[in-house]
Amino acid sequence: MVGDSSETDRLLQRAAQGDQQEWAALLARHRERLRRMVALRLDHRLQGRIDASDVIQEAYLEAWSRLADYLRNPTMPFFLWLRFLAGQKLVTLHRHHLGVEMRDPNREVSLYRGSLPETSSAALAAQLLGHDTRPSEAAVRAELKVRLQEVLNTMEALDREVLALRHFEQLTRSEIAQVLDISEAAVSKRYIRALKRLKQILIHMPGIAEEMGL
């Protein structure tokens, strides 16, 4: 398969022969990264109403039904194909639940838009801050989130998307290059530039800075 490891190729071929156990093993290898993608790109108005696991399961069912077609013409690595299917499920859910409200006029600056649902600087800032819900930290976190958004909003849209793909979705440099249709060198350049911009604010958040290697 295109860009896949020999182990992934082996599991795919076994799955194509009807081996459900190998298919399950293959999907399990990608679940966490898909969950990260769904969590980042699920519209904030649907959080609590839609579970990421349900979105992923729907994508897995479609992947199984279309596996033969994919194997005949694998134009992208298997994980990126799964990610594309999960993204399309998100698009459908957004349209179903939000309809004409799919584009929120009050949304913060959006990330680079591709074939998957867009996300916002607010969503990215929230991911950077994590999920500490202690009341004593609420005011500080709210201020830090605003400051993070301000920094993120000054970045080029493509730089923000590279940051999201690399740090949160944990795509490799090669995968990001394929998703965004840019060179791997450009991916590295944009990621380093985005990290440098973040240092302006993350210097006040040593825990997060350490986690990101800054």
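Being free of Cβ contacts under 8 Å to residues at least 60 places away in the same chain, among the aromatic types (Phe, Trp, Tyr) and open to solvent by 60 Å² or more (accessible area, probe 1.4 Å) narrows it down to one of Trp64, Trp23, so name that one.
Numbers: Trp23 fails: open to solvent by 60 Å² or more (accessible area, probe 1.4 Å).
Answer to the check: Trp64.
Quick grid of which residues meet (1) surrounded by 21 or more Cβ atoms within 10 Å (Cβ to Cβ); (2) more than 14 Å from the chain's Cα centre (by Cα); (3) of a type outside the set (A, V, I, L, M):
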residue: Ala139; (1), (2), (3): no, yes, no
residue: Leu144; (1), (2), (3): no, yes, no
residue: Arg147; (1), (2), (3): no, yes, yes
residue: Ala164; (1), (2), (3): yes, no, no
residue: His167; (1), (2), (3): no, no, yes
residue: Glu175; (1), (2), (3): yes, no, yes
residue: Val179; (1), (2), (3): yes, no, no
residue: Lys189; (1), (2), (3): no, yes, yes
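So which of Leu82, Leu90, Leu11, Leu40 is in contact with a His (Cβ under 9 Å, 6 or more places away or on another chain) and either in a helix (DSSP H, G or I) or among the acidic types (Asp, Glu) (or both)? Steps first, please.
Working: Leu90 fails: in contact with a His (Cβ under 9 Å, 6 or more places away or on another chain); Leu11 fails: in contact with a His (Cβ under 9 Å, 6 or more places away or on another chain); Leu40 fails: in contact with a His (Cβ under 9 Å, 6 or more places away or on another chain).
When all the criteria are applied, what remains is Leu82.
Scanning segment 1-20 for residues that are exposed (fewer than 14 other Cβ atoms within 10 Å of the Cβ) and closer than 19 Å to Leu171 by Cβ yields Val2, Ser5, Glu7.
Contact annotation: residue pairs with Cβ atoms under 7 Å, 6 or more positions apart or on different chains, pairing a residue in segment 155-178 that is under 14 Å from Leu198 (Cβ atoms) with a partner that is open to solvent by 40 Å² or more (accessible area, probe 1.4 Å) and not in a helix (DSSP H, G or I), are Arg160/Tyr112.
Within segment 35-57, residues that are closer than 11 Å to Leu90 by Cα reach partners that are among the basic types (Lys, Arg) and at pLDDT 90 or above with beta carbons closer than 7 Å, at six or more positions or on different chains, in the pairs Met37/Arg83; Ala52/Arg35; Val55/Lys89; Ile56/Arg31; Ile56/Arg35.
The values are calculated or read from the model by the stated rules, or taken from the named source; none is laboratory data. Since this is a predicted model, take the numbers as computed values, not measurements. When we count neighbours, we look across all protein chains shown, and the Cβ atoms used for this are built from the backbone with ideal geometry, even at glycine. When the accessible area is computed, the model is the full protein with side chains, heavy atoms only, and any ligands, DNA or RNA have been set aside. Shrake-Rupley method; radii C 1.70, N 1.55, O 1.52, S 1.80 Å.
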